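Asks: After the structure tokens below, expect a handful of questions from me.
Read-outs throughout are calculated quantities, based only on the coordinates presented, and are distinct from any laboratory measurement. Note that this is a predicted model, so its numbers are computed, not measured. Ideal geometry is used to build each Cβ from the backbone, glycine not excepted, and the neighbour counts take in all protein chains shown.
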Amino acid sequence: MYLSMTGAIFITIFGNLAIIISISYFKQLHSPTNFLILSMAVTDFLLGFTIMPYSMVRSVENCWYFGIIFCKVHYSFDLMLCVTSIFHLCSIAVDRFYAICYPLHYSSKITISVIKRMLAVCWSVPAAFAFGVVFSEAYASGIEGYQILVACSSSCPVTFNKLWGTVLFTVGFFIPGCVMIGIYVKIFLVSKKHARVMRSMPENANHEKPNQLSKNNDRKAAKTLSIVMGVFLICWFPCFFTILIDPFLNFSTPAMLFDALSWCGYFNSTCNPLIYGFFYPWFRKALRYILGKIFQTNFYTTSLFPENQ
């Protein structure tokens, strides 16, 4: 368990750190979309660096060694960073929606100031929700015997009542998930429409290459979107659904099962750099430059995109 969890933590930390360094260093990557990816990488990096190691010790040892106060701090940051990561995924979906569906208006709609406001929401709302709910102990209001459970338990228990379990499921998963699904379905339909328009053009030598390129891009977009939504739903749905139904089942979910589902959610932050980083050619090129030419000067202006893009 220690080896497998350490491997996940290692990928989460260094995968997101590579994205942070690449986007921060290369001027060509300073775009609104990449700033969203950069902020999400910071979120996932902090989750891997500050939260997952303590959760690993608790999961393996079945005991919390760090005190009740740090338990609340840990869980507040845990909840905040997880929801913040999900909000970033939703923001990236909105950004892609305007880029693909309204390309002529994209530069005027998605500006740096708009990105700053989106990032402010992505960070402030989860922070206010997590720290407010956990430190006020509103999540435990009405749960019979909760104080005795906390006093007698050594595993840092945080159990949501019916009200706050529903609120967390709705705000942290259901609404962002529905927004992402709706946006990506719209993007997929628009991509299919563009492909049909390209195929309807007269077949000649000049159009043969664009048609083939459109088909390849369409397949690539469908594959990428299916991976994004599949990983998001697989990782987060079991955890949030358990938080929702557990109060209605009289908190009968085994602690080990809930812990495993939490790690399934963490795994989304491990996969994010693979999806939004390693799938992009510019990231692989940036990583090669960083590893191979880090001691050379002025290579931060290196072109990472083909000349025809």
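Asks: Using a 7 Å offset from the Cα along the Cα-to-Cβ direction at both Lys27 and Phe279, what is the distance between the two label points in nm, to one decimal?
Replies: For Lys27 paired with Phe279, the spin-label model returns 3.1 nm.
Asks: Still on this structure, please answer the following. Multiply the residue separation of Val57 and Ser107 by 0.36 nm, subtract the distance between their alpha-carbon atoms, and state the gained length in nm to one decimal.
Replies: Working: separation 50, 0.36 × 50 = 18.00 nm, distance 4.65 nm.
Full extension of this stretch gives 13.4 nm more.
Asks: Can you figure out the FRET efficiency of Ser252 with Val73, using R₀ = 25 Å and their beta-carbon distance, to the nearest 0.05?
Replies: Working: r = 28 Å, r/R0 = 1.12.
So, using R0 = 25 Å, E works out to roughly 0.35.
Asks: Would you work out the relative contact order for the stretch 2-293, in percent, from Cα pairs under 8 angstrom that are 6 or more residues apart? Working shown, then result.
Replies: Details: 264 pairs, mean separation 72.5, N = 292.
The value is 25 percent.
Asks: Can you give the FRET efficiency to the nearest 0.05 for Arg117 and Phe10, using r as the Cβ-Cβ distance and R₀ = 51 Å?
Replies: Details: r = 34 Å, r/R0 = 0.67.
For Arg117 and Phe10, the calculated efficiency is 0.90.
Asks: With each label point set 7 Å from Cα along the Cα-Cβ vector, what nm distance links Ala260 and Ser141?
Replies: The answer from the label model is 3.5 nm.
Asks: Once the other residues with Cβ under 14 Å from the Cβ of Trp236 are scored (Lys, Arg +1; Asp, Glu -1), what is the net sum?
Replies: That sum, taken over residues with Cβ under 14 Å, equals -2.
Asks: Give me the distance between the Cα centres of the stretch 17-67 and the stretch 86-112, rounded to whole Å.
Replies: Taking the Cα centre of each part, the stretch 17-67 and the stretch 86-112 sit 23 Å apart.
Asks: May I pose another question? Within 10 Å, count the other beta carbons around each residue, average over each peptide in 234-242, 11-19, and list them highest first. Provide the component values of the computation, followed by the final result.
Replies: Details: 234-242: 18.3, 11-19: 21.3.
Taking the mean over residues of other Cβ atoms within 10 Å, the ranking is 11-19, 234-242.
Asks: Binning at 5 Å from 0, report for the stretch 19-168 what percent of all alpha-carbon pair distances ends up in each bin.
Replies: Per 5 Å bin, starting at 0, the Cα pair percentages come out as 2, 9, 15, 17, 16, 13, 10, 8, 6, 4, 2, 0, 0.
Asks: Let me know the charge dipole size of the stretch 2-293 about its Cα centre in debye, to the nearest 20, where only the beta-carbon of Lys, Arg (+1) and Asp, Glu (-1) is charged.
Replies: Working: 22 positive and 11 negative charges, 322 e Å.
It works out to roughly 1540 debye.
Asks: If each residue's Cβ is checked for other Cβ atoms within 10 Å, how do Met1, Met118 rank with the fewest at the top?
Replies: Numbers: Met1 10, Met118 22.
By the 10 Å Cβ count, ascending, the order reads Met1, Met118.
Asks: Another one. What are the ³J(HN,Hα) couplings of the stretch 260-273, residue after residue, when phi is run through the Karplus curve with 6.51, -1.76, 1.60 and θ = phi - 60°? Round to Hz, x for glycine and proline.
Replies: Per-residue couplings from phi come out as 5, 5, 5, 5, 5, x, 4, 4, 4, 5, 6, 7, 4, x Hz.
Asks: Shape call for the stretch 12-53 from the C-alpha gyration tensor, a ≥ b ≥ c root eigenvalues: rounded (a/c under 1.5), prolate (a/b greater than b/c) or oblate? Numbers along the way, then the final one.
Replies: Values: a/c = 4.01, a/b = 2.15, b/c = 1.87.
Prolate is the answer for the stretch 12-53, as a/c is 1.5 or above and a/b outweighs b/c.
Asks: According to the square roots a ≥ b ≥ c of the eigenvalues of the Cα gyration tensor, what is the shape class of the stretch 2-293, taking rounded for a/c under 1.5, prolate for a/b larger than b/c otherwise, and oblate for the remainder?
Replies: On the way: a/c = 2.29, a/b = 1.85, b/c = 1.24.
It is prolate, given that a/c is not under 1.5 and a/b is the larger ratio.
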